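For reference, the structure discussed in these notes is given below.
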Amino acid sequence: MILLMMTLLHLLITVGASASTPALSIKSPDGDVIDCIDIYNQPAFSNPLLKSHELQEFPTEMPNLEIAAETPNWQVWHTTGEKCPPRTIPIRRTTDISHSKYPKPYYKSLADATRGHKYAIGFIRNGGPIYGTRASLNVWEPLVEAADDFSLSQISPERYHDHQPRFFTFWTRDAYNNTGCYSTHCGGFVQTSSTIALEAAITRTSAFGGPQFDITIQIWKDQSSGNWWLGLGRNMELVGYWPAAIFTGLADHAEKVEWGGEVLSLNSTGTNTILQMGSGEFAEKGFGKAAYVCNILVAENNQTLVPVQDFGVQAQFPKYYSVKRSQTKGCGKHFYFGGPGQTRSGAVRGTLASALLLLYLAFFLCV
């Protein structure tokens, strides 16, 4: 399973790989430190399954691209004007400057990974082969009050200690039983980009009733190598890939794809706390007010990305979070999602008191 999320993730797990002294360390204005690590000494290669792996710097075939103006400095650390040198990749520092420790999987089991989770998603689950997907994900800052909750458009207070939205990845090969981790926190995802730092903060978010901001994400299988590539932006900047060797079923194809929102509510305090999804508004509010997933493409039998023809939607708890399909010329067949959750009386949109946000907009490619 590849779980790809747009998020305010808060993760305090140490990155793993063979020890490597950064070629350069960049201090971001938001307090993050970005270490530029030799591309061949990155955490991915600590995975025993990748012991003899040969780095694939580019996919065999690139998908069809649209020429569009990109948002400059869309990650906060970009605003420094500093860049990682060639042949290095940017990794957000946690506690280990060498990025050398190999952590255990974040979740202990499938039950642990799904406990307390609520979803509002669009999906294709027809059992046929799926070779990739692409969509534009609306970026918001949902309010999340409890430290051990999160919202995908995601907030997880114990990870980043701030309320900024962040871009991250997640993978597991066995339904969370023995494998799985975020970004480059353990051996698995091979990063090739020298300009995109996983888990670095995003500079822009959407405004309620005002300008909207989204990020285009694409995952597709390279038919020659079998690796699953990740691209970002309308002009599709390559971020890296999940090697075929780390998967079982995904070594051939995926059988379902999901996009949308997720929250985690552990209710550890015993009281209802603020836990928004997306913008914090129900899907029925529509454009400019509710979060959206738009311009959805899927690669099925012909292995070419084409506009989605049909998809299902599902909201587990529509009283708190909803999802609604729509269609426009500019967005194609798309959907809105989100909601306020179980809000207390007096809980309103606005200032986040002592809470940390985790913005979550997500892709799932599942075996």
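Every number here is computed from the coordinates shown, using simple stated rules; none is lab data. Small disclaimer: the values here were computed from a predicted structure and weren't measured. Every residue, glycine as well, gets a Cβ built from its backbone with ideal geometry; the counts of neighbours run over all protein chains shown.
The table below lists the values:
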quantity: Point-to-point label distance, Arg125-Asn73, nm (Cα→Cβ direction, 7 Å offset); calculated: 4.4
quantity: Highest-first arrangement of 164-170, 42-48, where packing means the average Cβ count within 10 Å; calculated: 164-170, 42-48
quantity: Length released on extending from Glu82 to Lys319, taking residue separation times 0.36 nm less the Cα-Cα span; calculated: 80.7 nm
quantity: Peptides ranked, highest mean first, by Cβ atoms within 10 Å: ranges 182-188, 221-227; calculated: 182-188, 221-227
quantity: Pair His117, Thr304: separation of 7 Å Cα→Cβ label points (nm); calculated: 3.4
quantity: ³J(HN,Hα), Karplus 6.51/-1.76/1.60, whole Hz, each residue of region 128-136, x for Gly, Pro; calculated: x, x, 10, 10, x, 7, 8, 6, 9
quantity: Full-extension gain in nm, Phe208 to Tyr40, via 0.36 nm per residue minus C-alpha separation; calculated: 56.2 nm
quantity: Segment Lys51-Gln223, extension gain: residue separation times 0.36 nm, minus the distance between their alpha carbons; calculated: 59.7 nm
